[in-house]
Amino acid sequence: MDMPNRLPSFKQLRAFEAAVRLGSFKAAAGELFVTQAAVSHQIKALEEALGVRLFVRRTREVRPTGEARAYAERLAAAFGMVASATAEIDRKRMSGSLRISVAPFYGNRWLLPRLDGFRALYPELDLEATLSFDLVDFRSSGMDAAVRYGLGEWPGLQAMSIHRDLVGPVCAPQLLSGRTPPLDPAQIAEMPLVTTARWKEDWAAWFEAAGGPQGTGPITEFDNRAFAFDAALSGNGVFLADIRMTASSEAAGNLVRLHPLTVERPQGIHLVFPASPFPDPRIAALGEWMTREALAETG
């Protein structure tokens with residue numbers, strides 16, 4: 001059978017099918033890890049390409065037309081066939097050994113406790129995670145990928161964003177001096193604050209979002225967030241930490257959240273690997289799994 005002469009963009013079709021199936025552009029954006037505006041743009045482009053209105057747009061809702069629902073059902077079946085064929089190929093490629101390097105702070109507090117979930121998905125893949133403070137040299141280390149913290153800009157490497165920092169103020173219980181959280185931003189500003197030298201603008205961003213004054217005293221800077229985190233645990237300051245890194249310590253009562261406000265920052269966790277036109281699908285699978293885990297934790 002001849003292929004159709006005209007096939008819409010696959011991105012447009014995915015956005016459209018997800019929006020119909022999930023009932024909203026917002027939900028589709030969450031599933032596809034894109035913005036709601038991107039989903040809206042793709043669907044509008046699809047409507048223009050087909051010459052058909054697929055959604056009735058109103059002030060507070062968008063509703064698929066009957067024609068759109070029928071189209072989406074057939075697309076879902078087609079996507080299922082594509083996914084099945086792709087999975088068959090992936091199963092044959094998701095084996096062997098995969099070595100990754102990860103900093104101890106992030107590895108011990110977040111990644112390693114969750115890796116059994118990834119191993120259960122890919123039982124034939126031998127994943128080895130090595131804890132190291134060093135920036136791995138892929139040419140000599142034998143590592144396939146590494147987990148790095150920053151803005152995602154490392155020359156010669158591809159960086160897959162896992163999550164950006166979502167920060168909020170925490171400290172040890174003894175630093176509260178009998179006060180009960182949540183504290184006003186003004187009260188937090190009077191406490192000893194700690195930060196990292198590279199990301200010292202986090203406090204200014206948080207106080208601005210909170211509508212409160214900036215810290216009234218000097219903010220102690222540490223070389224990395226592991227040291228700043230230890231300072232908070234030992235009762236020596238309030239740290240503006242990513243909520244994923246503090247969850248277990250908060251649950252154990254070793255840290256207390258001083259205010260519910262969290263602010264997203266530009267820095268975060270990335271899975272990096274040597275640049276290649278054909279990235280290792282095992283690395284891509286690991287990055288996608290990590291992204292899902294991080295998203296599920298923060299809702």
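The values are calculated or read from the model by the stated rules, or taken from the named source; none is laboratory data. Computed from a predicted structure; not experimentally measured. Backbone-built Cβ (ideal geometry, glycine too); neighbour counts: all protein chains shown. Please note that ligands, DNA and RNA were not included when accessible areas were found on the heavy atoms of the full protein model with its side chains. Shrake-Rupley method; radii C 1.70, N 1.55, O 1.52, S 1.80 Å.
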Leading residue by the ranking (surrounded by the fewest Cβ atoms within 10 Å (Cβ to Cβ)) among those in the stretch 8-43 that are among the charged types (D, E, K, R) and under 24 Å from residue 82 (Cα atoms) = 31
So which residues in the stretch 234-254 are β-branched (Val, Ile, Thr) and crowded, with 20+ Cβ neighbours inside 10 Å, if there are any at all?
-> 238, 246
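For (1) β-branched (Val, Ile, Thr); (2) over 16 Å from residue 239 (Cβ atoms), each residue gets a yes or a no:
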site	(1), (2)
179	no, yes
184	no, yes
193	no, no
196	yes, no
199	no, no
203	no, no
207	no, no
214	no, yes
220	yes, no
Of the residues 190, 201, which is under 26 Å from residue 133 (Cβ atoms) and open to solvent by 40 Å² or more (accessible area, probe 1.4 Å)?
-> 201
Take the stretch 268-279 and flag every residue that is open to solvent by 40 Å² or more (accessible area, probe 1.4 Å) and in contact (Cβ under 8 Å) with a residue 12 or more places away in the chain.
-> 274, 275, 276, 279
Quick one: residue 81 ticks every box in (1) under 21 Å from the mean Cα position of the chain (by Cα); (2) among the hydrophobic types (A, V, I, L, M, F, W, C); (3) open to solvent by 60 Å² or more (accessible area, probe 1.4 Å) except a single one, so which number is it?
-> (1)
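Of the residues 107, 117, which single one is at pLDDT 95 or above and either over 19 Å from residue 289 (Cβ atoms) or open to solvent by 30 Å² or more (accessible area, probe 1.4 Å) (or both)? Walk me through it before giving the result.
Details: 107 fails: either over 19 Å from residue 289 (Cβ atoms) or open to solvent by 30 Å² or more (accessible area, probe 1.4 Å) (or both).
Step by step, each of 107, 117 is checked, and only 117 is at pLDDT 95 or above and either over 19 Å from residue 289 (Cβ atoms) or open to solvent by 30 Å² or more (accessible area, probe 1.4 Å) (or both).
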Within the stretch 221-233, track down each residue that is buried (at least 17 other Cβ atoms within 10 Å of the Cβ) and not in a helix (DSSP H, G or I).
-> 222
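Condition check ((1) assigned to a helix (DSSP H, G or I); (2) acidic (Asp, Glu)) across all residues:
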{"residue": "235", "(1), (2)": "no, no"}
{"residue": "241", "(1), (2)": "no, no"}
{"residue": "246", "(1), (2)": "yes, no"}
{"residue": "250", "(1), (2)": "yes, yes"}
{"residue": "259", "(1), (2)": "no, no"}
{"residue": "266", "(1), (2)": "no, no"}
{"residue": "270", "(1), (2)": "no, no"}
{"residue": "279", "(1), (2)": "no, no"}
Filter the stretch 285-299 down to residues that are within 10 Å of the chain's Cα centre (by Cα) and exposed (fewer than 14 other Cβ atoms within 10 Å of the Cβ) and give me whichever is farthest from residue 145 (Cα to Cα).
-> 298
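So, residue 132, is that one farther than 27 Å from residue 219 by Cβ and either surrounded by fewer than 19 Cβ atoms within 10 Å (Cβ to Cβ) or of a type in the set (Lys, Arg) (or both) or not? First the steps, then the outcome.
Numbers: farther than 27 Å from residue 219 by Cβ: yes; either surrounded by fewer than 19 Cβ atoms within 10 Å (Cβ to Cβ) or of a type in the set (Lys, Arg) (or both): yes.
Spelling it out, residue 132 is indeed farther than 27 Å from residue 219 by Cβ and either surrounded by fewer than 19 Cβ atoms within 10 Å (Cβ to Cβ) or of a type in the set (Lys, Arg) (or both).
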Search result, residues across the stretch 179-214 that are under 26 Å from the mean Cα position of the chain (by Cα) and in a helix (DSSP H, G or I) | 202, 203, 204, 205, 206, 207, 208, 209, 210
Restricting attention to the stretch 210-220, report how many residues are open to solvent by 40 Å² or more (accessible area, probe 1.4 Å) and either out of contact with any strand residue (DSSP E or B) (no Cβ under 9 Å at 6 or more places or on another chain) or of a type in the set (A, V, I, L, M) (or both).
-> 5
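Given the residues 282, 257, 265, which is the only one that is open to solvent by less than 60 Å² (accessible area, probe 1.4 Å), over 16 Å from the mean Cα position of the chain (by Cα) and at pLDDT 95 or above?
On the way: 282 fails: at pLDDT 95 or above; 265 fails: over 16 Å from the mean Cα position of the chain (by Cα).
Exactly one of 282, 257, 265 is open to solvent by less than 60 Å² (accessible area, probe 1.4 Å), over 16 Å from the mean Cα position of the chain (by Cα) and at pLDDT 95 or above, namely 257.
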Index of the failed condition, residue 161 passing every other in (1) small (Gly, Ala, Ser); (2) open to solvent by less than 70 Å² (accessible area, probe 1.4 Å); (3) in a helix (DSSP H, G or I) | (3)
